[in-house]
Amino acid sequence: MRFSQLLILALSLLLSCTSEKPQTRWYRGNTHAHTVICGHADSTPEAVTKYYHEHGYNFLILSEHNHFINPDSVKMPVPLRQDFILIPGEEVTGHKIVHSTAMNIDTLVDWTFEHEQVAKIIQNQVDGTRAASGQTILNHPNFEWAVTSEDILPVHDLYMFELFNGHPSVHNDGDENHISTEKMWDELLTKGMKIYGVSSDDAHDFKKIAPDESNPGRGWVMVRSQQLTPAAITEAMNHGEFYASNGVFLQKCESQNDFYTVEIDEAATMAELQLPDIFGKKVAKQDDGFFIELIGDNGKIITTIAGKSARFKLDESSSYFRVKAICRRAHKNGGSEEFYAWAQPVFTDERR
Ligand SMILES: [Zn+2]
Ligand SMILES: [Zn+2]
């Protein structure tokens, strides 16, 4: 073999090695927003799209109640960023207050199914969404206390639910008689379900901004994908390639060779938390700063690290591990407020 042939062989080997690892990046999106079409939100599909386009999001679902907004019918902002898309969707709004986002559907999903069991209504929405080529996010389970973890557990082919929803009346944190959506998540994960936590706005009010309004910018997801297309983003989310946030950004969250590495993106987080209309969860006065929790079976906090990065060794002591990154600061009315990034669970059992 001549030297030039050797060189070509070496170069092609090098190229095949380097091209093995596909390039991914984080895409910011909101999976839940309303428009004037539903009759109780204040902005047109175009104005809602413009808001998210202007605020640096990469994708948006106009998830209207029992109404399919075809993205082709929406006039897009001009000039349009190349890294912004609409994903077709609907908020399937069914009996017994079972609501779900039908993500990346190609047609309207029926919502009229009635049954005395909530689980059957959820299953009907999941099946109808899959028949329309989409995937389901079960929405705001604690809204009107409509859906419990017992209702969710028997459902098949459901991989996402709203762990956090920015609407002021959905009770993410539960009350004295009802568990929080985060506790619900740990119950489902402990009982063997493979389900990922989504954070969304459920925005209705784009004109008046206040803590008790249903405003944009409250909850979003960061999706790790090679491509920004409706299919790629939906597929990535349905396989847990994302984290949920209401204020904290991550630079890294990945598990490799039994180690789980997390790094908080301090610059992006601080930039977000400087915004005037961002509201955290009010808690008792505690130390300010960044914290990273490792959580396992039954929602047990296994360890808490003070700081912006952590590396955890995963073993068989828990059937799943998940990480919650916290930014805590003083609240202007006393006490502290917290913002979070919720990374998706990593499984150590047959769900891996
Ligand atoms: Zn809803
Ligand atoms: Zn909604």
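Looking only at residues of region 109-133 that are within 16 Å of ligand 2 (Cβ to nearest atom) and either assigned to a loop (DSSP other than H, G, I, E, B) or at pLDDT below 95 (or both), we find that the one that is most open to solvent (accessible area, probe 1.4 Å) is Trp111.
Okay, residues lined up against (1) assigned by TED's automatic domain parsing to the domain that holds Gly335; (2) part of a loop (DSSP other than H, G, I, E, B); (3) out of contact with any Phe, Trp or Tyr (no Cβ under 7 Å at 6 or more places or on another chain); (4) under 26 Å from Gly174 (Cα atoms):
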position: Gly240; (1), (2), (3), (4): no, yes, no, yes
position: Glu254; (1), (2), (3), (4): yes, no, yes, no
position: Thr261; (1), (2), (3), (4): yes, no, yes, no
position: Asp277; (1), (2), (3), (4): yes, yes, yes, yes
position: Lys282; (1), (2), (3), (4): yes, no, yes, yes
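The sole residue among Ser199, Ser255, Ser225 that is crowded, with 16+ Cβ neighbours inside 10 Å, within 15 Å of His167 (Cα to Cα) and in contact (Cβ under 8 Å) with a residue 60 or more places away in the chain is Ser199. Restricting Asp42, Asp83 to those that are assigned to a loop (DSSP other than H, G, I, E, B), surrounded by 17 or more Cβ atoms within 10 Å (Cβ to Cβ), touching a residue at least 40 places away in the same chain (Cβ under 8 Å) and in contact with a Phe, Trp or Tyr (Cβ under 8 Å, 6 or more places away or on another chain) reduces the list to Asp42. The sole residue among Arg328, Arg351 that is assigned to a loop (DSSP other than H, G, I, E, B), modelled with pLDDT of 95 or more and either open to solvent by less than 30 Å² (accessible area, probe 1.4 Å) or not assigned by TED's automatic domain parsing to the domain that holds Ser255 (or both) is Arg351. Does region 144-156 contain any residue that is within 22 Å of Asn238 (Cα to Cα), surrounded by 16 or more Cβ atoms within 10 Å (Cβ to Cβ) and either within 16 Å of ligand 2 (Cβ to nearest atom) or outside the structural domain of Leu188 (by TED's automatic domain parsing) (or both)? Yes: one or more hits.
The values are calculated or read from the model by the stated rules, or taken from the named source; none is laboratory data. Being a predicted model, the structure only gives us computed values, none of them experimental. Backbone-built Cβ (ideal geometry, glycine too); neighbour counts: all protein chains shown. The accessibility values were calculated without ligands, DNA or RNA, using every heavy atom of the protein model including side chains. Shrake-Rupley method; radii C 1.70, N 1.55, O 1.52, S 1.80 Å.
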